[in-house]
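Below is one structure, written out as structure tokens; comments come after it.
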Amino acid sequence: MQLTIEEAIEWIHSRLPFGSRPGLDRINALLEKIDHPENKVPTIHIAGTNGKGSTVTYLRCLLEEMGLKVGTFTSPYIESFNERIAINGQPISDEQLITYVEKYQPIIKELDQINEVAGITEFETLTGMALDYFVNEQVDIAVVEVGLGGLLDSTNVVKPLLTGITTIGKDHTEILGETIAEIAYQKAGIIKEKVPVVTGNICADALAVIEKVAQEKQSPIFRFGKEYQVEYLHPDTQWGEVFNFYGEMGKLTKIKVPLLGRHQVENAAVAIQLFDKYCQLQHLPFKERDITQGLAKAQWPARMERLSDEPLIVLDGAHNDHAVKRLVENLRKEFPQHTIHILFSALATKDVDEMIQDLKQVPNAHLYLTSFDYPKAIALTEMEKYEDDLTEIVSLWQFGLGEILEKMSTDDLLLVTGSLYFVSQVRELLLTIGGNDEEI
């Protein structure tokens, strides 16, 4: 009897207890069993502490605009599990996912009997499925997001045409290393011999490490602020940002992205530069129209996403301190006149102390700290030490959310931020209450 979609996803999740275990032996053993799809699909490989998902989305929209069939592999999901594996923005169907799970169950059961490669993880399973799916669906190009780090990440089996590194900050230090240089070295692990690499707005210490690896691999490097540049202009009157881009192809003027925040300009710039290099490699025409129309279609839930106008509700999955610092900077610039209610929760593995201290720097803000239903979520008791005049502890975020919405004035803003797992749970409830285009 065929599995249900719930059973299929439950089986994938059953690989979760094996955790994040760096190393490529297990994924290579799996790929061998499925006829090495990584060798058959052209890829662009994206690493970085933050900005990977947005960059993947922008790049997918640009490639799609020129008529290509584009696979994407991203994490985590916001609305449905299936969205992690998608083609032209359409998640893999339930039927297809079930088919792949039924194909993989006996393969992984067999591999579990071999000590050296036993315990294939959830992420490794999904990596194999994604590459397999892209080959079977004959995509023109797959844009693959690194799960963790780069060097030893299971996606680092692809044979990319191009690689991109968006940002470098401190996250997953228990696995990637304590210093920026160590983390940069892990991210630079995706750079391949003579394969061009595009870097985003990266600090000098991290960039020096990446440049050294690129030099050793004889990989041409295209750096933000050097080989390509942006000139930030102003926020878009609707929602988003407007900027000029300068690269080898010349100047692109008044480019608009529909996602808010100056970091989104940087993410879009990485995508434009990768798109330009792809066009050069494939001898395809680079058209400004593809850029303007492609970027205009980009949607990426829970990244400075405006869920409602009245009241103004914004969701942003700033899931580590590097992202929170950028968020605070954006709030200061974009909403200086608003009273801001911030509902926050995070995973216990993050630098929660630093994240909360940063959020307390937002002018005219009231902070609400909570926990949520997820295995690694921070406990409510851990949050209590941060309580003060402008910081409340909310025992159940569902009730806290209702209370915040009741007390908000017309000009107030509700920001839900922290873990993407938390933000996606709140997002689901808010959409259930109000619908995306209705008042909540």
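Among the residues of region 180-225, which ones are surrounded by fewer than 18 Cβ atoms within 10 Å (Cβ to Cβ), within 29 Å of V352 (Cα to Cα) and either among the basic types (K, R) or over 22 Å from the mean Cα position of the chain (by Cα) (or both)? A204, D205, A208 - these are the residues of region 180-225 that are surrounded by fewer than 18 Cβ atoms within 10 Å (Cβ to Cβ), within 29 Å of V352 (Cα to Cα) and either among the basic types (K, R) or over 22 Å from the mean Cα position of the chain (by Cα) (or both).
When P285 is tested against (1) over 21 Å from K226 (Cα atoms); (2) within 25 Å of the chain's Cα centre (by Cα), just one condition goes unmet, and that condition is (2). The residues in region 357-376 that are buried (at least 17 other Cβ atoms within 10 Å of the Cβ), polar (S, T, N, Q) and under 30 Å from Q337 (Cβ atoms) can be counted, and the count is 1.
Taking first residues from region 34-60 that are on the phi > 0 side of the Ramachandran plot and assigned by TED's automatic domain parsing to the domain that holds I107 and partners that are modelled with pLDDT of 95 or more and in a strand (DSSP E or B), the Cβ contacts under 7 Å between residues at least 6 apart in sequence or on separate chains come to G48/I165.
List the number of the failed condition for D153; all other conditions in (1) buried (at least 19 other Cβ atoms within 10 Å of the Cβ); (2) over 26 Å from L97 (Cα atoms); (3) among the charged types (D, E, K, R) hold. That leaves (2) as the condition not met.
Screening region 23-33 for residues that are touching a residue at least 12 places away in the same chain (Cβ under 8 Å) and charged (D, E, K, R) and picking the one that is surrounded by the fewest Cβ atoms within 10 Å (Cβ to Cβ) gives D25. Looking across region 317-331, the residues that are in contact with a Leu (Cβ under 6 Å, 6 or more places away or on another chain) and modelled with pLDDT of 90 or more come down to G317, A318. When region 271-285 is filtered for residues that are over 25 Å from L259 (Cα atoms) and of a type in the set (G, A, S), nothing remains. Right, T292: in contact (Cβ under 8 Å) with a residue 12 or more places away in the chain and within 19 Å of the chain's Cα centre (by Cα) or not? Considered against the rule, which asks whether it is in contact (Cβ under 8 Å) with a residue 12 or more places away in the chain and within 19 Å of the chain's Cα centre (by Cα), T292 comes out as no.
Per-residue answers, yes or no, for (1) surrounded by fewer than 18 Cβ atoms within 10 Å (Cβ to Cβ); (2) within 27 Å of the chain's Cα centre (by Cα):
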| site | (1), (2) |
| --- | --- |
| T339 | yes, no |
| T381 | yes, no |
| Y386 | no, no |
| D389 | yes, no |
| I404 | no, no |
| L415 | no, yes |
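Listed by first and then second residue, the pairs with beta-carbon distance under 9 Å, at least 6 apart or on different chains, first residue in region 63-85 and among the polar types (S, T, N, Q), second assigned to a loop (DSSP other than H, G, I, E, B), are T72/N88; T72/G89; S75/G147; N82/I92; N82/S93.
Figure legend. Inter-residue proximity from region 191-217: first residues closer than 21 Å to Y278 by Cα, second residues acidic (D, E) and at pLDDT 95 or above, beta-carbon distance below 7 Å, spacing 6+ or different chains. Indicated pairs: G200/E266; N201/E266; K217/E193. Of the set (1) assigned to a helix (DSSP H, G or I); (2) of a type in the set (D, E); (3) outside the structural domain of I202 (by TED's automatic domain parsing), all apply to D290 but (3). Checked against (1) in contact (Cβ under 8 Å) with a residue 60 or more places away in the chain; (2) surrounded by fewer than 21 Cβ atoms within 10 Å (Cβ to Cβ); (3) closer than 20 Å to T57 by Cα, V242 passes all but a single condition, namely (1). For region 1-43, a tally of residues being among the aliphatic types (A, V, I, L, M), at pLDDT below 95 and under 21 Å from S93 (Cβ atoms) returns 1.
L343 satisfies every condition listed in (1) among the hydrophobic types (A, V, I, L, M, F, W, C); (2) within 24 Å of L401 (Cβ to Cβ); (3) within 19 Å of the chain's Cα centre (by Cα) except (3).
The values are calculated or read from the model by the stated rules, or taken from the named source; none is laboratory data. Computed from a prediction, not measured in an experiment: that's the story for all the values here. Cβ sites come from the backbone with ideal geometry, for glycine too, and all protein chains shown count toward neighbours.
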